[in-house]
Amino acid sequence: MPRQFRKKPKGRPIDGWLIIDKPTGLGSTDVVNIVKRAYDAQKAGHGGTLDPLATGLLPVAFGAATKTVPYVMDGAKTYRFTLRFGEARDTDDADGQVIETTDARPTDDAIRAALPAFIGDIMQVPPIFSAIKVAGERAYDLARDGQVVVLEARPARVDRYELVERPDADHAIFEVESGKGVYMRSLARDLAKACGSLGHIAVLRRLSVGPFKEAHAVPLEVVAPDWNKPQRDGLDKSAPREHTPPSLELLLPLATALDDIPALACTEAEAARLMHGQALSLVEFMGRVPDAADPNGGLVRVMAGQRFVGLCRLEDAMVYPERLMA
């Protein structure tokens, strides 16, 4: 019986976060593939999809940081978008086809009067051009095939929805702070209807994701200067390009994604027990439990000195390992 060997992963083992300022016209997966190739990284993923039309913060996780992606996606997000009144489009943004028009244009007062209905815990119908699955198929695939797509309203959390500028009667600029899974295209579409008009998103930018802000963002050109340059005719397109990988100093430590989760200090001995899957009594941590930690199911970021051990959950007076780093 021949001995089985595990195939060695391709690329370099890199851990950390790279916050890309995504340009318009690229999908989130496209950006991940570009930066993964630039760094020759073994493993990469992103912390929250952005539509191709959108620009702004796209957190890219490398290596062990991919374990913390769900916690980044659960974090609060801030967006700025321009709503264009007068046209409904099938995608609810400027990339789609016009399906209905109106001459109605709301006043600023009408917009502000309609906004409160979209703040707080609301029910939202996602755009038909979205990745939601319907009978096992992506809604956008069904819509592109010309099928009628009906999506049910789902819960959404919007903490702020504010009119910040009105350049002209056809356009209004908004800022939104929201939770996970809120569609800006739906907010724009539904607000326009509530004001007696029609509308879609003309410009969309994400300003923050969880603890990541615009100050952390790196233009894609810094990481991959030739990402949008076509290869010359006659070159072997399957052959890797010669390039110098970008600096690892652009990466943020993987624990940066969890800065808004309360930190719980532990000893190396306690860390070792947690790493072996052992739950520890919260009594052992008396005097070290941060005030912001929720003892009834809340997460804590466990730190042994400056070393990030992982995430644990506090429950039933115990500290339970949830997501630990190797």
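The values are calculated or read from the model by the stated rules, or taken from the named source; none is laboratory data. All of these numbers come straight from a predicted model, not from anything done at the bench. Virtual Cβ from ideal backbone geometry, glycine too; neighbours counted across all protein chains shown.
Between 68, 102, 49, 78, the distinction of being of a type in the set (Ser, Thr, Tyr) and more than 30 Å from residue 300 (Cβ to Cβ) belongs to 102 only.
Screening segment 44-62 for residues that are in contact with a helix residue (DSSP H, G or I) (Cβ under 7 Å, 6 or more places away or on another chain) and surrounded by fewer than 20 Cβ atoms within 10 Å (Cβ to Cβ) and picking the one that is farthest from residue 245 (Cα to Cα) gives 49. Could you please let me know if residue 319 is β-branched (Val, Ile, Thr), surrounded by 12 or more Cβ atoms within 10 Å (Cβ to Cβ) and not in a loop (DSSP other than H, G, I, E, B)? For residue 319, the condition - β-branched (Val, Ile, Thr), surrounded by 12 or more Cβ atoms within 10 Å (Cβ to Cβ) and not in a loop (DSSP other than H, G, I, E, B) - is met. The set of residues from segment 31-46 being among the charged types (D, E, K, R) and touching a Pro at 6+ places or on another chain (Cβ under 8 Å) comprises 40, 43.
Within segment 27-43, being crowded, with 22+ Cβ neighbours inside 10 Å and not β-branched (Val, Ile, Thr) holds for 39, 41.
Only one residue in 13, 9, 23 is touching a residue at least 12 places away in the same chain (Cβ under 8 Å) and touching a Ser or Thr at 6+ places or on another chain (Cβ under 8 Å), so which one is that? I'd like the intermediate steps shown before the answer.
Details: 13 fails: touching a Ser or Thr at 6+ places or on another chain (Cβ under 8 Å); 9 fails: touching a Ser or Thr at 6+ places or on another chain (Cβ under 8 Å).
Result: 23 is the single residue among 13, 9, 23 that is touching a residue at least 12 places away in the same chain (Cβ under 8 Å) and touching a Ser or Thr at 6+ places or on another chain (Cβ under 8 Å).
Of all residues in segment 200-216, those satisfying the criterion of being out of contact with any Lys or Arg (no Cβ under 6 Å at 6 or more places or on another chain) and crowded, with 21+ Cβ neighbours inside 10 Å are 204, 206, 210, 212. Can you tell me which residue in segment 63-101 is nearest to residue 11 (Cα to Cα), limited to those that are buried (at least 17 other Cβ atoms within 10 Å of the Cβ) and of a type in the set (A, V, I, L, M)? Only one residue fits best here, namely 64. Please determine, by comparing only the residues of segment 40-57 that are modelled with pLDDT of 95 or more and not small (Gly, Ala, Ser), which one is nearest to residue 166 (Cα to Cα). The residue in question is 55.
Scanning segment 109-157 for residues that are closer than 27 Å to residue 174 by Cα, assigned to a loop (DSSP other than H, G, I, E, B) and touching a helix residue (DSSP H, G or I) at 6+ places or on another chain (Cβ under 9 Å) yields 125, 126, 127, 128, 129, 130, 131, 132, 151. Within segment 152-177, the only residue that satisfies the criterion of being surrounded by 15 or more Cβ atoms within 10 Å (Cβ to Cβ), of a type in the set (Gly, Ala, Ser) and at pLDDT 95 or above is 172.
Given the structure, is residue 78 hydroxyl-bearing (Ser, Thr, Tyr) and touching a Lys or Arg at 6+ places or on another chain (Cβ under 8 Å)? Answer is yes for this residue.
Yes/no per residue for (1) in a helix (DSSP H, G or I); (2) closer than 17 Å to residue 54 by Cβ; (3) touching a His at 6+ places or on another chain (Cβ under 6 Å):
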| residue | (1), (2), (3) |
| --- | --- |
| 186 | yes, yes, no |
| 190 | yes, no, no |
| 196 | no, no, no |
| 205 | no, yes, no |
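When the residues of segment 117-149 are narrowed to those that are in contact with a strand residue (DSSP E or B) (Cβ under 8 Å, 6 or more places away or on another chain) and loosely packed, with under 12 Cβ neighbours inside 10 Å, which ends up nearest to residue 97 (Cα to Cα)? For segment 117-149, the residue satisfying everything is 131. Residues in segment 292-326 that are in contact with a helix residue (DSSP H, G or I) (Cβ under 6 Å, 6 or more places away or on another chain) and farther than 13 Å from residue 278 by Cα: 301, 304, 308, 309, 317, 325.
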